[in-house]
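Have a look at the structure below, then the notes.
Quick note: the coordinates plus some simple rules give every number you see, no bench work behind them. Small disclaimer: the values here were computed from a predicted structure and weren't measured. In this analysis, Cβ positions are derived from the backbone assuming ideal geometry, glycine residues included, and neighbour counts consider all displayed protein chains.
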């Protein structure tokens, strides 16, 4: 497995296919909505190569200074903004039965 950040090689690890893996990075670049920093990863198994990406962040539920439980992202309170654009379709639960049904 090879890891890259902004096109630069970070590290390479050999892993067993039947094990969970923890990887320690010397320098961590934290993901946030304001600064979406992603690592690229290549997983190589003989001649097969799978490429993907990932971001690292910390999330938690903590009490604020008034004792109210809040969602925290990277040790900072995070406030969600937006609407839920989702419907219920008896034919497919959360999936519309056809494109025409969405119009």
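A few points about this structure:
- Ratio of Rg to Rh for segment 1-88: 1.10 [Cα atoms; Kirkwood radius as inverse mean 1/r over pairs].
- Relative contact order (%) - the chain, alpha-carbon pairs under 8 angstrom, separation at least six: 16
- If the convex hull is drawn through the Cα atoms of segment 2-53, its volume per residue in Å³: 100
- Nitroxide proxy distance, nm - points 7 Å out along Cα→Cβ at residue 44 and residue 4: 1.2
- Fluctuation leader among 61, 49, 30 - the chain, Gaussian network, Cα springs under 10 angstrom: 49
- Computed from label points 7 Å out along Cα-Cβ, the spacing between residue 17 and residue 64 is 5.0 nm.
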